[in-house]
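Enquirer: The structure is given below, and queries will be raised subsequently.
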Amino acid sequence: MVAVAVAAGVPSCKRPADAAKDALGEAGYQHTPEDWLRAVREDNVAVLKRFLAAGFAIDTRDAGGDSALHAAAASGARQAAEFLLNKGLPVDQRGAGGRTPLMAAVAANQPKMTRWLLRQGASPKLRDEAGYTPLMIAVRENAVSVVGELATATRDELDTALLAAALEGRAEMIDALTKYGASVYARMEDGRTPLMLAAQNGHDAAIKMLLDLGCGRFATTPDGKTAADLAQAEGHQSAVALITAKPVADELVLETPEALAREMATAVDASVAGETAIAEPNEPIDPAAVSGEIIAAGRREPVTPIEGRTLAATAKTHGPATAPAVTNPDQPAQAPVGVNLVMRQYRQREIPLSVRSVDGETATLRVAGAPPTEYQVRRGSAVPGSRLVVVAVRHKTVTPKDESEPRELAVVELKDAATGASREILSGVPSGAHDPVALVEDARTGRRYTAAPGQRFADSAGNTYRVADVRPNQIVVEDLTSGSVQTLPLRGPRG
């Protein structure tokens, strides 16, 4: 009787870990790795706390080697991810295949989680065991929604990513990458353009997208092959048909700086019309992340155009672009003080004409198409099917770009009867409808300007600058006072 009384008088108690396991069971979870990861994916921090109270190891991984942070990243479980980071899991912890949580978020097309992980210090430059960075994983998985989150931190990868997207035929990815600064004029080391890669692999949707974005169908590799030639060699007849359509009148024109300014401004505004900012509420965008600057001696300098062939300027709009206000070359526009120039667009369009030969005062021109057509022209005659008039036929000794030795080439000088623009077409050299030109924008005011090689401008302190080069992915600017060189990277309409 005494023994029974004593036993009845002692309260029953459990260890805290056992009690936590019971609480897990009551919540519908077992003390297993599978249910631990399930709670993570469900973003259930209260249950995660019970797991840890029950003695569960926070660094537990699944059978493939991924951690709870990988599971949170792939599921967009932000509260769980924050809890795990606060408990000591590394933000760049490696999992299956060497992937980081950021890579898991990208592969799962989780833009908000991608953005949040980047803000927690996740590196967008790391590579998995296969050599893929987060941006290249986005291309591989066609995770279009995360491109805008990665673009600012991976600008040096955008062109490579575009080439990969063209190779894979990812039309939507191509569109997204170009909006954030990838250039359709990018080339592989062997000279192939995105259009050539898409054509060679028979990706019709990607071909249509690249053509719409301005990728030149008449561009050639160093050995003279066009995108159509590469498609033909692989037997992709539908791709050949898309690329080799007979040139239309709009492709047989020589463009003025003013027309190019309108075209580029319209393209930028069309890209951003109706778009909303990707930043979360109450989270200001860092100006340093979205603007390029001309910097001299460590100072931000006000910039004023003073001379050059492309002096067009246009006010930024929030819908379709209006015609730009073109400045008088004798009275250049005044750029706002404290301007932060950002490169938004680039144009370098090939004209579908080539000089086959010159015999005395007669030249043989070839017009690209399927099949190509050849015409013999003389001074004063028009190129059939166009408004181009032959101004001169001659030979000329020149040193072609990327060559060191001069050589004699056949030359036909053409003038556009409608625009007044003129251009020399040289034998064996790709024919451009205009000099390379870029649209730059003051990130502070939205004022836009066109920039071409050789253009000069000055700041309010009297320092003079020159546009040394305009490339598909950057403008190179030289300070003529100090000799220093700066670059403005292409950031695209939304960059």
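Enquirer: When the residues of region 468-482 are narrowed to those that are of a type in the set (Val, Ile, Thr) and closer than 28 Å to Glu157 by Cα, which ends up surrounded by the fewest Cβ atoms within 10 Å (Cβ to Cβ)?
Expert: Val476
Enquirer: Oh, and also: Identify all residues within region 111-142 that are loosely packed, with under 15 Cβ neighbours inside 10 Å and outside any loop (DSSP other than H, G, I, E, B); write none if there are none.
Expert: Once the filter is applied, which keeps residues that are loosely packed, with under 15 Cβ neighbours inside 10 Å and outside any loop (DSSP other than H, G, I, E, B), region 111-142 yields only Arg119.
Enquirer: I'd like to verify a number: residues in region 143-184 that are surrounded by fewer than 24 Cβ atoms within 10 Å (Cβ to Cβ) and among the basic types (Lys, Arg), how many?
Expert: 2
Enquirer: Just a yes or no: is a residue in region 434-451 modelled with pLDDT under 85, loosely packed, with under 15 Cβ neighbours inside 10 Å and among the polar types (S, T, N, Q)?
Expert: no
Enquirer: Of the residues that make up region 98-110, is at least one part of a helix (DSSP H, G or I) and free of Cβ contacts under 8 Å to residues at least 12 places away in the same chain?
Expert: no
Enquirer: Here are the criteria: (1) modelled with pLDDT under 90; (2) of a type in the set (Gly, Ala, Ser); (3) closer than 28 Å to Glu263 by Cα. Tell me which single one Gly420 does not satisfy.
Expert: Failing condition for Gly420: (1).
Enquirer: I'm checking my understanding of the structure. Among residues of region 345-363 that are assigned to a strand (DSSP E or B) and hydrophobic (A, V, I, L, M, F, W, C), which one is farthest from Lys246 (Cα to Cα)?
Expert: Within region 345-363, the match that is farthest from Lys246 (Cα to Cα) is Val358.
Enquirer: Scan region 385-416 for residues that are outside any strand (DSSP E or B) and surrounded by 18 or more Cβ atoms within 10 Å (Cβ to Cβ) and jot them down.
Expert: Scanning region 385-416 gives a single hit, Ser386.
Enquirer: Right, something else. Please pick out the residue among Gly495, Gly462, Gly483 that is outside any strand (DSSP E or B), on the phi < 0 side of the Ramachandran plot and small (Gly, Ala, Ser).
Expert: So the residue among Gly495, Gly462, Gly483 that is outside any strand (DSSP E or B), on the phi < 0 side of the Ramachandran plot and small (Gly, Ala, Ser) is Gly495.
Enquirer: For the list (1) touching a residue at least 60 places away in the same chain (Cβ under 8 Å); (2) surrounded by fewer than 21 Cβ atoms within 10 Å (Cβ to Cβ); (3) not in a loop (DSSP other than H, G, I, E, B), I need the number of the one condition that Lys208 fails.
Expert: Against the list (1) touching a residue at least 60 places away in the same chain (Cβ under 8 Å); (2) surrounded by fewer than 21 Cβ atoms within 10 Å (Cβ to Cβ); (3) not in a loop (DSSP other than H, G, I, E, B), Lys208 comes up short only on (1).
Enquirer: Within region 251-260, does at least one residue satisfy the condition of being surrounded by fewer than 17 Cβ atoms within 10 Å (Cβ to Cβ), of a type in the set (D, E, K, R) and either not assigned by TED's automatic domain parsing to the domain that holds Val440 or not in a loop (DSSP other than H, G, I, E, B) (or both)?
Expert: No - not one qualifying residue is present in region 251-260.
Enquirer: Could you give every pair whose Cβ atoms fall below 7 Å, whose first residue belongs to region 150-166 and is charged (D, E, K, R), and whose second residue is not in a helix (DSSP H, G or I), counting only separations of at least 6 or pairs across chains?
Expert: Listed by first residue and then by second, the contacts come to Arg155/Gly181; Arg155/Pro489; Glu157/Thr133; Asp159/Ala182; Asp159/Ser183; Asp159/Ala186; Asp159/Asn473.
Enquirer: On to the next question. Please tell me if Tyr465 is under 21 Å from Arg349 (Cβ atoms), buried (at least 18 other Cβ atoms within 10 Å of the Cβ) and of a type in the set (Phe, Trp, Tyr).
Expert: When the stated conditions are applied, Tyr465 does not pass them.
Enquirer: Can you pull out every residue in region 47-85 that is at pLDDT below 95, assigned to a helix (DSSP H, G or I) and surrounded by fewer than 19 Cβ atoms within 10 Å (Cβ to Cβ)?
Expert: Lys49, Leu52, Ala53
Enquirer: Here's another thing I want to ask about it. Scan region 180-193 for residues that are within 17 Å of Gln345 (Cα to Cα) and either in a helix (DSSP H, G or I) or among the polar types (S, T, N, Q) (or both) and jot them down.
Expert: Ser183
Enquirer: Which condition breaks for Thr481 when tested against (1) within 21 Å of the chain's Cα centre (by Cα); (2) modelled with pLDDT under 85?
Expert: (1)
Enquirer: Scanning for something aliphatic (A, V, I, L, M) and closer than 30 Å to Asp18 by Cβ, does region 108-130 turn up at least one residue?
Expert: No: region 108-130 contains no residue that is aliphatic (A, V, I, L, M) and closer than 30 Å to Asp18 by Cβ.
Enquirer: Moving on to the next point. Among (1) surrounded by 17 or more Cβ atoms within 10 Å (Cβ to Cβ); (2) under 45 Å from the mean Cα position of the chain (by Cα); (3) not acidic (Asp, Glu), where does Leu24 come up short?
Expert: (2)
Enquirer: Then there's this: Within the bounds of region 93-106, is there any residue that is at positive phi and not small (Gly, Ala, Ser)?
Expert: The answer is no, given that none of the residues of region 93-106 is at positive phi and not small (Gly, Ala, Ser).
Enquirer: Hey, does region 138-150 have a residue that's modelled with pLDDT under 95 and either closer than 13 Å to Leu69 by Cα or in contact with a Leu (Cβ under 9 Å, 6 or more places away or on another chain) (or both)?
Expert: No, region 138-150 contains no residue that is modelled with pLDDT under 95 and either closer than 13 Å to Leu69 by Cα or in contact with a Leu (Cβ under 9 Å, 6 or more places away or on another chain) (or both).
Enquirer: Same structure again: Give me a count of the residues in region 364-384 that are without any contact (Cβ under 8 Å) to a residue 60 or more places away in the chain and part of a strand (DSSP E or B).
Expert: Result for region 364-384: 8.
The values are calculated or read from the model by the stated rules, or taken from the named source; none is laboratory data. This is a predicted model, so every value here is computed, not measured. With ideal geometry, Cβ positions are generated from the backbone for all residues, glycine too; neighbour counts draw on all protein chains shown.
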